[in-house]
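The values are calculated or read from the model by the stated rules, or taken from the named source; none is laboratory data. Computed from a predicted model, the values in this text were never measured in an experiment. No Cβ is skipped: glycine too gets one built from the backbone with ideal geometry, and neighbour counts run over all protein chains shown. Accessible surface areas use protein heavy atoms only, side chains included; no ligands, DNA or RNA. Shrake-Rupley method; radii C 1.70, N 1.55, O 1.52, S 1.80 Å.
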Amino acid sequence: MTTDTTTSTVYTSTVYASNVEFTRKRFERLAAKASQFGVAGPTIRVGPVTETKIPVYSDSVHVRDVWVETVDIKVTMPAKVVIGGWRILAAIDIDEDGNNVIRSIIDEDLPEWVRTVERGRCDHCGTNRRRKRLVVIRKGYPTPTYAVIGTSCTRDYIGHDLSRFLNYHNVLCGYDIPGIPEDIDDSNAGHGPFMIGTRDFVATAADVISRTGYIRSGEPGQTKDVVRYCYWNPGKIDEYLGEPRSRPVSAVDAIEWAKSLTGTSDFDHNLRTVAGSQALNPRHDGLAAYIPEAYRRHLAKKAEIEHTIEVGDAGHWGTVKERELLTATVTDVRIFETIYGTSAWVKATTEGGHKIQWKSSGCFPEAGDTITGRATVKEHTEWNDQSITTVQRWSWKLAE
């Protein structure tokens with residue numbers, strides 16, 4: 001078989017970056033299938049990853065913009081297929097009533113007589129019988145010769161069976177490249193499958209957690225509900241939650257960390273999958289809202305392990321019920337809500353390696369801050385073979 005591809009048809013589309021590999025593999029399989037027929041298949045070119053803004057509307061009112069990672073792809077289809085010296089023009093499918101349904105294979109108008117070809121025609125065998133599919137072919141230029149052949153006769157007439165090729169071409173032309181919408185208008189904002197940008201939602205979650213801490217699903221004021229509200233009302237977050245009480249983790253870093261998880265549990269798999277998505281399914285917003293909290297805990301645990309490896313277990317600090325001057329570096333701040341207001345569990349490590357924790361209310365330090373002040377030792381405990389000192393009434397300030 002030979003293929004004339006002097007002209008081609010080019011299709012361009014912008015797709016979600018997370019869909020690129022699926023689209024690429026799909027066209028690579030179609031190209032491999034084409035090679036089995038000895039014809040040229042489609043080729044695909046993939047551009048660089050860019051950020052695209054998609055406006056979101058509710059009842060025609062602009063709500064917010066969703067930023068997603070996208071890629072421009074270009075698919076080139078051979079516009080001419082020449083097999084055995086004949087150019088394949090069209091397939092004619094004939095329905096039960098004898099009507100012709102024409103499926104063109106060329107990017108040009110077919111002669112009008114093709115529409116009224118009799119179903120029994122075959123220019124090869126001349127047998128007038130009830131056929132389901134015919135093939136229109138042409139050769140010669142500038143004075144072309146046309147032929148209409150029954151698919152069962154194509155092997156004898158041109159040396160190749162076109163039935164499987166026509167099935168392949170039908171799949172090729174019927175494949176729809178999944179693009180992205182220019183904008184979204186949905187009165188039920190937040191309930192459509194492509195309404196929520198994962199990165200923006202995780203960034204909102206990090207901001208919310210820095211103000212209220214993380215509240216598990218099923219508990220009053222659960223974080224995912226608060227994040228959902230703030231995501232669709234970005235201008236009201238300060239009014240709704242007040243000023244941040246700690247520094248939010250980086251949403252970009254949190255997402256990259258979640259995408260790199262290597263755990264084999266279902267939870268790790270789900271977190272990794274959600275983090276890798278561009279558009280968030282609302283059913284998975286609880287997982288997305290947890291990503292900043294999971295990353296924050298990861299950083300705290302990592303800092304604690306590194307410090308333990310460096311200095312070992314320094315034992316307990318101070319004497320129970322005694323009040324002493326305490327200087328330590330904060331490693332973790334976990335905010336939570338109580339009936340009395342917002343509080344936080346704060347973990348810190350002294351220069352000598354003592355591990356300190358205390359429950360703080362009102363103003364909280366940031367992870368990484370070195371603070372100093374007098375504190376009362378509440379108790380000495382052990383946790384995971386490490387000595388933990390719990391203090392209270394720590395009158396702290398930032399160390400100079």
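Within the stretch 278-291, the set of residues being open to solvent by less than 50 Å² (accessible area, probe 1.4 Å) and at pLDDT 85 or above comprises D285, G286, L287, A288, A289, Y290, I291. Every listed requirement among (1) surrounded by 12 or more Cβ atoms within 10 Å (Cβ to Cβ); (2) hydroxyl-bearing (S, T, Y); (3) at pLDDT 85 or above; (4) over 21 Å from K378 (Cβ atoms) is met by T262 save one, (1).
On inspection, A300 does not qualify as at pLDDT 90 or above, open to solvent by less than 40 Å² (accessible area, probe 1.4 Å) and small (G, A, S).
Across the stretch 203-240, the number of residues qualifying as touching a residue at least 24 places away in the same chain (Cβ under 8 Å) and outside any loop (DSSP other than H, G, I, E, B) comes to 19. Only residues that are more than 20 Å from G197 (Cβ to Cβ), surrounded by 17 or more Cβ atoms within 10 Å (Cβ to Cβ) and hydrophobic (A, V, I, L, M, F, W, C) were counted across the stretch 36-58, and they come to 4. Only one of the numbered conditions (1) open to solvent by less than 40 Å² (accessible area, probe 1.4 Å); (2) more than 27 Å from T9 (Cβ to Cβ) is not met by V61, and that is (1).
Taking the stretch 187-228, which residues are modelled with pLDDT of 80 or more and farther than 24 Å from E366 by Cα? The answer is G197, T198, D225, R228.
Identification of strands (runs of 3 or more DSSP E) wholly contained in the stretch 313-400 with 3 or more residues that are at pLDDT 90 or above and either among the β-branched types (V, I, T) or open to solvent by 50 Å² or more (accessible area, probe 1.4 Å) (or both) yields 323-338, 370-383, 386-398. Only one of the numbered conditions (1) open to solvent by less than 30 Å² (accessible area, probe 1.4 Å); (2) within 15 Å of I335 (Cβ to Cβ) is not met by P244, and that is (1).
Checked against (1) open to solvent by less than 60 Å² (accessible area, probe 1.4 Å); (2) more than 30 Å from the chain's Cα centre (by Cα), A294 meets all criteria but (2).
For Y168, the stated conditions do not hold, so it cannot be described as in contact with an Asp or Glu (Cβ under 9 Å, 6 or more places away or on another chain), closer than 26 Å to Q36 by Cβ and not in a loop (DSSP other than H, G, I, E, B). One residue stands out among those in the stretch 245-275 that are over 13 Å from the mean Cα position of the chain (by Cα) and small (G, A, S): the one that is farthest from S18 (Cα to Cα), which is S246.
Screening the candidates E293, E243 for the property of being part of a loop (DSSP other than H, G, I, E, B) and within 25 Å of E337 (Cα to Cα) yields one hit, E243. Those strands (runs of 3 or more DSSP E) of the stretch 56-165 in which at least 2 residues are under 30 Å from D200 (Cβ atoms) and of a type in the set (A, V, I, L, M, F, W, C), considering only elements entirely within it, cover 61-78.
Would you check if A275 is open to solvent by less than 40 Å² (accessible area, probe 1.4 Å), in contact (Cβ under 8 Å) with a residue 60 or more places away in the chain and closer than 26 Å to K347 by Cβ? So A275 fits the description; yes. Can you name every residue in the stretch 77-86 that is open to solvent by less than 30 Å² (accessible area, probe 1.4 Å) and under 11 Å from R138 (Cβ atoms)? Selection gives V82, W86. Tell me yes or no: at least one residue of the stretch 169-183 is surrounded by 14 or more Cβ atoms within 10 Å (Cβ to Cβ) and either among the small types (G, A, S) or at pLDDT 85 or above (or both). Yes.
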